[in-house]
1. What FRET efficiency do you get for B:SER203 and B:ASP130 if R0 is 35 Å and r is their Cβ-Cβ distance, rounded to the nearest 0.05?
2. Given the peptides B:150-159, A:261-270, B:53-62, A:284-293, arrange them by the average over their residues of other C-beta atoms within 10 Å, most packed first.
3. Using only Cα positions of chain B, each an equal point scatterer, no hydration layer, compute I(q)/I(0) via Debye at q = 0.08, 0.11, 0.13, 0.15 Å⁻¹ and quote the log10 values to two decimals.
4. Choose one of B:THR46, A:CYS98, B:ALA223: the residue whose Cα lies farthest towards the positive end of the charge dipole of the protein assembly as shown (beta-carbon charges +1 Lys, Arg; -1 Asp, Glu; about the Cα centre).
5. Taking Cα centroids, how far is segment A:9-68 from segment B:16-46 in Å?
6. Which is the longest run of chain A containing none of the trypsin sites (Lys or Arg not before Pro) found in DSSP loop states (not H, G, I, E, B) with at most 14 other C-beta atoms within 10 Å?
7. What is the distance in Å between the Cα centroid of segment A:172-198 and that of segment A:116-164?
8. Starting from the coordinates of the alpha-carbon atoms of segment A:130-193, obtain the Kirkwood hydrodynamic radius over all distinct pairs and give the value in Å to one decimal.
Amino acid sequence: MNRSLALLLGLAAIVVIAVLPVWIGPFYTRVAQLFFFSAALAIAWNILGGFSGYWSFGHTVFIGMGAFAAAHFVTQIGPIGSGPFSMVLPILFAGLLCGLFALVIAYPILRLRGIYFAIAMLGVGQVIGELVNNIRWFQGGVGVFLAAPAPGGMPPEDFFYYIFAALLVACLIISVVVRNSRFGYALLAVREDEDTAMMLGVATERYKILAFVLSATLVGILGAVYGYSVGYFTTYTVFRLDFSLNMIVFCLIGGIGTLFGPVIGTAVMLFLTQVLLSRFLDIHLLITGALVVAIILLVPGGILGALKQKFAGRAAVRKSVEA
Amino acid sequence: MNEIILSGRGVVKHFAGLTATDNVDFDIPAGSIYGLIGPNGAGKSTLFNLITGYYDLTGGEIRFKGTSLAGIPTYRRNQMGIARAFQISKPFPALTVRENIRVGAIFGRPEKVDHEKVVDEALAITGIADIADRTAEGLTVGTLRKLEIARAIATRPSLLLADEPCAGLNPTETQEMVNCLRNVRGKGITVWLVEHDMKAVTSICDRILVIDAGRKIAEGTPAEVVSNPNVITAYLGAPIEEPAA
Ligand SMILES: Nc1ncnc2c1ncn2[C@@H]1O[C@H](COP(=O)(O)OP(=O)(O)OP(=O)(O)O)[C@@H](O)[C@H]1O
Ligand SMILES: [Mg+2]
């Protein structure tokens, strides 16, 4: 895509995002907020799972850890700064803690490949969730409060709508930068064939760890903001298997390992589940499940993969006609 | 006399009860095309795996340009100048041929170079420039083998370990590969070649190391090696074709 065109589209998108809540009302603002949150999560997951091929089945551990880290930071140290700015330090602390935790478990856990890594992460999510739930100090069972300091007069759903929108843009930019860097190339090589990558001079271990830590930090930050947005939460509000699964499914649907696939997949799935199927609450999960299976079977490369194939096919036809 | 680029002393590798490499010594002269032959399962690929650091040595020592490789990770050995083309081609299937090679150009020997120029050169030497923009998935065996070589030399090595680059190729492709390896050596890269095709190996190699059941059984020029009684016995007593003139 043309650079100035992309810039223009980006600016237009920002304007639309900025004025949207006024038009769509509280319910759809909340749906949009959920979309920004989920898409940002999917992007963060994709940096590890999509680029390097290390699928984590337990990324919710970083949502939970981030949310509880922010809450305990506030209760232990107290809010620093006033109004919305009081969120900054707890959120950064949450990101840092998740990044550090990822760094500590990276060495043993990233030696596992394929499904073993996925399952190990599932286990990590389970274990940390249970610890937070059962060790009294964490108060995971009874729940913790995290007051949402929206600026005066702004409805909280609008406030978090904007914050999650900004976070989505930030995650997208980070993902684009990573993908186009030396780091991104290394991750692709790891995904394609780790042994070969090593033999071509790629310090696979280092880049994998970096991707894991980056992904965990982003999800931790998102988890902390999510904690603020719900205001009160227990273990089961934030350590949720469906969070982990959604990140994977949204990426799969949109096109795993691509830059915009996670966003597209999230948009499609949320539109289906939140908007189209919201009237059929009792069968909504059933239909969603069936849809996921159908899409995976019909377009294994996800929506972007299918589009790419279609256009590549056309280009090939054109070439052969010209030749 | 050429200097020695790679040497091994008393190299041993055990796999749970099996001795895959048994006290092997070797000295590879810089600038040569050196051969490594031996029956199936003799331990040729294992030896390469020890040199690249994919396996740890059970005993002995390997030195590259005088430096012991002990404890040096695989990626670092590549950056020091050891490249490898795998016996079973391992392309990055979702990437194009050019992108495959670019990985080697970017992460190989750390130095300021124009990566695209390196890629173009590797494409030219191996003769696959015309398919540079195809994805590696679905390429023929012959092209994949050339891609293996192209990607390896894009890391700008001083030593290339080529593990049966001619396996599965027809006679024309084999000849192309032999020429390609000569070009690689022409670039000043030492080549250590595993090859089953006796005619190919004796025609191209300056010297040959023969191993059987992990043990070194002969070493010398092609003419010396094919007339060595140990070698003839190792190949089931079958007489070996004379080296091509
Ligand atoms: N990772 C491993 N674990 C156990 N045994 C192994 C391993 N790798 C190789 N071996 C064994 O070591 C011996 C040497 O194998 P290697 O692959 O080095 O032989 P080769 O000379 O390359 O054979 P080929 O000509 O078939 O490629 C074989 O008996 C093989 O089964
Ligand atoms: Mg072998």
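1. According to the calculation, E is roughly 0.80.
2. Packing order, densest peptide first, comes out as B:150-159, A:261-270, B:53-62, A:284-293.
3. Debye intensities relative to I(0), on a log10 scale: -0.29, -0.55, -0.78, -1.04.
4. A:CYS98
5. 54
6. Free of exposed loop sites, the longest segment is A:114-278.
7. Cα centroid of segment A:172-198 versus Cα centroid of segment A:116-164: 30 Å apart.
8. Its Kirkwood hydrodynamic radius stands at 15.8 Å.
The values are calculated or read from the model by the stated rules, or taken from the named source; none is laboratory data. Quick caveat, the model's predicted, so the values are computed rather than measured. Glycine gets a Cβ as well: all are built from the backbone with ideal geometry, and neighbour counts include every protein chain shown. For the accessible areas, the whole protein counts, side chains as well, though only heavy atoms, and no ligand, DNA or RNA atoms are used. Shrake-Rupley method; radii C 1.70, N 1.55, O 1.52, S 1.80 Å.
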